[in-house]
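Reviewing the structure listed below.
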Amino acid sequence: MGSKLIDLYSDTKTRPSDGMRRAICEADVGDEQHLEDPTVTRLTERTARLLGQEAAVFLPSGTMANEIAVAAQCRPGDELIAHSSSHILNFEAGGVAALAGVMVRALDGPRGMFDAKLLDEALRPRARHLPRSRMVVLEQTTNIGGGAVWPIGQMRSVSELARSAGLAVHVDGARLLNACVASGVAASDYGTLADTIWLDFTKGLGAPFGAVLAGSSDLIDEAWRWKQRLGGSMRQAGMMAAGCLYALDHNVERLAEDHRLAARLADGLRALPGLRVEVPETNMVYFDVSGTGHDTETFSVALEPLGIRISRQGRHVMRAVTHLDVSESDIDRTVLAIASVIDRTACAS
Ligand SMILES: *Cc1c(COP(=O)(O)O)cnc(C)c1O
């Protein structure tokens, strides 16, 4: 039959490999809710160490990790500060308001990041008629911000300012290991700048489920209370955790290959007329198609029958994400396909 779909929509589109499926099948399991699952315990202890934290809790998703971290550290009426493009403010169905009752303050700044100066301007003085500034959230890497890596110095100055003002620091680490591979900075160096930090196993790491939230033992105790409350406590979850452990063993260093292919895609696209392409720092390539005279819908409709899927970020910008189910020849086919769409639309107009 025809060739497989080249799915650059997101790095969530990976399928578990044969080796990962075997590890999942053979997992040693127990009742996770009673801390009796040895595979989950291995994963949480290993992730806590990796992130330079005392303790960790296994969760079904990264969204739940964000929501629990906020709920465990903020009280209703407190204010949370995050970038305007962040996942926590845009793609979690308003959870921080609905579940934790917090107000949000959105900051801008290039590539999904802000600096200590911008944060300083947003911090509220302590006064009983003001909301209490309570938490700052940053994404490593930034997603809608372009897959950018917070430089460790900028993250440190934001974290130090936040902590000195009595705020908690939460790092959304959906793609933290992409940042580590791209920058050479150890995960624990980012981790010690955070009060809570998590890893997602379902993005570039290629597992079918799972995220681990890490922090101090006290905070993780409180996170467990929220996990129970939200129905996130599980039973023989070692079958989930085994895929995550397999990912830590096999799928971390290879993220460099995703970054290489993203750079290759960006170089290929940059040579085509009418495209404005951002320089990728990790595995995401953002490009603006408005110079072709057409919008993103024209491109996605034309690419679909060619077996290529790329997400639309509004009318002008598209985002292609590389991952372990994308090969170099897939990237080269993608560049050719986009070139053919530009040629065709140029003739039609
Ligand atoms: C995907 C993502 C999340 C949510 O993770 P899920 O495991 O899909 O719930 C949170 N933050 C960022 C930056 C993400 O990209």
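The values are calculated or read from the model by the stated rules, or taken from the named source; none is laboratory data. Everything numeric in this text was worked out from a predicted model, so none of it was measured. Reconstructed Cβ throughout: ideal geometry from the backbone, glycine too, with neighbour counts over all protein chains shown. The accessibility values were calculated without ligands, DNA or RNA, using every heavy atom of the protein model including side chains. Shrake-Rupley method; radii C 1.70, N 1.55, O 1.52, S 1.80 Å.
Which residue pairs have Cβ atoms closer than 8 Å, lie 6 or more positions apart in sequence or on different chains, and pair a first residue in segment 25-46 that is of a type in the set (Val, Ile, Thr) with a second residue that is open to solvent by 80 Å² or more (accessible area, probe 1.4 Å) and part of a helix (DSSP H, G or I)?
Close Cβ pairs satisfying both conditions: Val29/Met239; Thr39/Met239.
For the condition at pLDDT 95 or above and within 14 Å of the ligand (Cβ to nearest atom), what is the one hit in Ser17, Ser10?
Ser10
Go through Gly109, Gly101 for me and flag whichever is on the phi > 0 side of the Ramachandran plot and in contact with a His (Cβ under 7 Å, 6 or more places away or on another chain).
Working: Gly101 fails: in contact with a His (Cβ under 7 Å, 6 or more places away or on another chain).
Being on the phi > 0 side of the Ramachandran plot and in contact with a His (Cβ under 7 Å, 6 or more places away or on another chain) holds for just one of Gly109, Gly101, which is Gly109.
Find all pairs meeting these conditions: Cβ atoms under 7 angstrom apart; at least six residues apart or on different chains; first residue within segment 196-215 and within 10 Å of Ser61 (Cβ to Cβ); second residue polar (S, T, N, Q).
Here the result reads Thr202/Thr12; Phe209/Thr202; Gly210/Thr202; Ala211/Ser61, each pair linking segment 196-215 to a residue that is polar (S, T, N, Q).
Out of the helices (runs of 4 or more DSSP H) lying entirely within segment 58-155, which hold 2 or more residues that are within 11 Å of the ligand (Cβ to nearest atom) and open to solvent by 20 Å² or more (accessible area, probe 1.4 Å)? Write out each step before concluding.
Working: elements: 62-73, 87-90, 95-100, 116-122.
Because the criterion is at least 2 residues that are within 11 Å of the ligand (Cβ to nearest atom) and open to solvent by 20 Å² or more (accessible area, probe 1.4 Å), the helices (runs of 4 or more DSSP H) in segment 58-155 that meet it are 62-73, 87-90.
Residue by residue through segment 156-186, note down the ones that are away from the ligand (no atom under 16 Å from the Cβ) and assigned to a loop (DSSP other than H, G, I, E, B).
Across segment 156-186, the qualifying residues are Ala165, Gly166, Leu167, Gly184, Val185, Ala186.
May I ask you to list the residues in segment 303-349 that are among the polar types (S, T, N, Q) and not in a helix (DSSP H, G or I)? Even if it seems obvious, please write down each step before you answer.
If we filter segment 303-349 for residues that are among the polar types (S, T, N, Q), which is where we start, we get 311, 313, 322, 327, 329, 334, 340, 345, 349.
Once the filter is applied, which keeps residues that are among the polar types (S, T, N, Q) and not in a helix (DSSP H, G or I), segment 303-349 yields Ser311, Gln313, Thr322, Ser327, Ser349.
Can you find a residue in segment 7-24 that is open to solvent by 60 Å² or more (accessible area, probe 1.4 Å) and closer than 20 Å to Ser233 by Cβ?
Checked against the condition, which is being open to solvent by 60 Å² or more (accessible area, probe 1.4 Å) and closer than 20 Å to Ser233 by Cβ, segment 7-24 yields no hits at all.
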